[in-house]
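Quick notes on the structure that follows.
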Amino acid sequence: MKINWHNILNGDFSPKRIIRSFLIFYILIVIIGLFFSEKLIFPAPQSSYDENITNLKFINSSDGTKLATRFWKSNSEKHVILYFHGNAEDIGQIDGFAKLLNHLGYSFLALDYRGYGLSEGKISEQNCYSDALAVYQSTIEMGYDPNQIIIWGRSVRSGSAVDLASKVKSKALILESPFSTAFTVMTKIPIVPFDKFNNLNKIDEVQAPMFILHGGNDKVISPWHSEKLFNKHLGPKKRYAIKEAGHNNIWSYQIHDTLNKIDRFINEHR
């Protein structure tokens, strides 16, 4: 069927035209969701590091794809954090944060997803899940017990963290600025019969204690997303909102106090 854009744009506002325009708009949204959403969700930056960076180790995902990880070991190790960073950074940019957690007694293992940093391959929702499981298994192979592993997901990577925590045993799940589902970040309500990273459907399968951290002034992922996740989680949980913080500056506010709150929460649930 040939679409007469001139009539659509310049014709009378009849009910038939309004319905037809709505259907065309909806079809465009569905097409974008099906074929272009992952490119919008994962704007992989140019790598900030090379193979000479410290603590670099490569692991293989289930299909043999080579993935870059970095490991910072704490001298006073209590647990290990399995960290999934946000979508506009890579493992070359988190030294300071990793070392802060080292000082609190947490070793820190971070993964670059496919197409990020020196990791090979092409990113997708399903690859995010399989790669998260691969790095978890690598942590087990390093000698850690599941009860020592803390799964931590930031922003869009809350999708990897929730999915992993719903499938494996862990000490705790930490979510930093998470969403309930990827598409509802923009649409607020479900408007298509599919979605990406549906954390809300999985969160009640997570048995580990959960700590959520969110900026009260987050304009990228509204705080109501983490409220929904918090309300649906069935286990021990705590949600901490930093009123002044936005999406990318949470650690500019009360960083030591916030990390101590997370540390206390983890130690309360042995």
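Values in this text are rule-based calculations from the coordinates and carry no lab data. Only a predicted model underlies this, so the values are computations on that prediction, with no experimental measurement involved. Virtual Cβ from ideal backbone geometry, glycine too; neighbours counted across all protein chains shown.
Which entries of LYS66/LYS219; LYS169/LYS243; LYS167/LYS237; LYS66/LYS237; LYS99/LYS171; LYS219/LYS261 show an alpha-carbon separation above 30 angstrom in the structure shown? Let's see the in-between values first.
Working: LYS66/LYS219 35 Å; LYS169/LYS243 32 Å; LYS167/LYS237 18 Å; LYS66/LYS237 35 Å; LYS99/LYS171 20 Å; LYS219/LYS261 24 Å.
Where the Cα-Cα span goes over 30 Å, the pairs concerned are LYS66/LYS219; LYS169/LYS243; LYS66/LYS237.
Once a ≥ b ≥ c are taken as the square roots of the eigenvalues of the Cα gyration tensor of segment 71-213, is the result rounded (a/c under 1.5), prolate (a/b larger than b/c) or oblate (a/b not larger than b/c)? Numbers along the way, then the final one.
Numbers: a/c = 1.77, a/b = 1.48, b/c = 1.19.
The shape class here is prolate.
So what is the diffusion coefficient of segment 154-268 in µm² per second by Stokes-Einstein at 10 °C and 1.306 mPa s, using a Kirkwood Rh over Cα pairs?
Numbers: Rh = 14.2 Å.
Roughly 112 µm²/s, to the nearest whole number.
Would you work out which of TYR136, TYR116, ALA182 lies farthest towards the positive end of the dipole of segment 115-270? Charges go on Cβ: Lys and Arg +1, Asp and Glu -1.
Going by the Cα projections, it comes out as ALA182.
Using the beta-carbon distance between LYS219 and GLU120 and R0 = 45 Å, what value does 1/(1 + (r/R0)^6) give for FRET efficiency, to the nearest 0.05? If you can, show how the numbers build up before the last one.
Values: r = 34 Å, r/R0 = 0.75.
E(calc), rounded to 0.05, equals 0.85.
Given H placed 1.01 Å from N in the peptide plane, which residues other than close sequence neighbours of TYR106 have an amide H under 5 Å from its amide H?
The list, which skips near neighbours in sequence, is LYS78.
Are there GluC sites (Glu not before Pro) in segment 193-265 that DSSP puts in a loop and that have at most 11 other Cβ atoms within 10 Å, and which ones?
Sites meeting the loop and neighbour criteria: none at all.
In segment 62-146, what is the volume of the convex hull around the alpha carbon atoms, normalised per residue and reported in Å³? Show your work: numbers first, answer last.
Values: hull volume 7.6 nm³, N = 85.
With only Cα atoms used, segment 62-146 gives 90 Å³ per residue.
Between ASN249 and HIS103, what is the FRET efficiency for a Förster distance of 22 Å, r being their Cβ-Cβ separation, to the nearest 0.05? Walk me through the intermediate numbers first.
Working: r = 21 Å, r/R0 = 0.97.
Calculated value: 0.55.
About the Cα centre of segment 141-270, what is the dipole size in debye to 20, counting +1 per Lys and Arg Cβ and -1 per Asp and Glu Cβ, all else neutral? Provide the component values of the computation, followed by the final result.
Working: 18 positive and 13 negative charges, 40 e Å.
Roughly 200 debye for segment 141-270.
Hey, got a sec? Which trypsin sites (Lys or Arg not before Pro) in segment 112-176 land in a DSSP loop and have at most 16 other Cβ atoms within 10 Å? Write down the numbers at each step before the final one.
Details: sites: ARG114, LYS122, ARG154, ARG157, LYS167, LYS169, LYS171; in loops: ARG114, LYS122, LYS167, LYS169, LYS171.
In loop regions of segment 112-176 (DSSP not H, G, I, E or B), the sparsely surrounded trypsin sites (Lys or Arg not before Pro) are LYS122, LYS167, LYS169.
Can you list residues from other chains, or at least 5 along the same chain, whose modelled amide H is less than 5 Å from the amide H of TYR240?
Amide H to amide H, under 5 Å and 5 or more residues apart or across chains, TYR240 pairs with ILE212, LEU213, HIS214.
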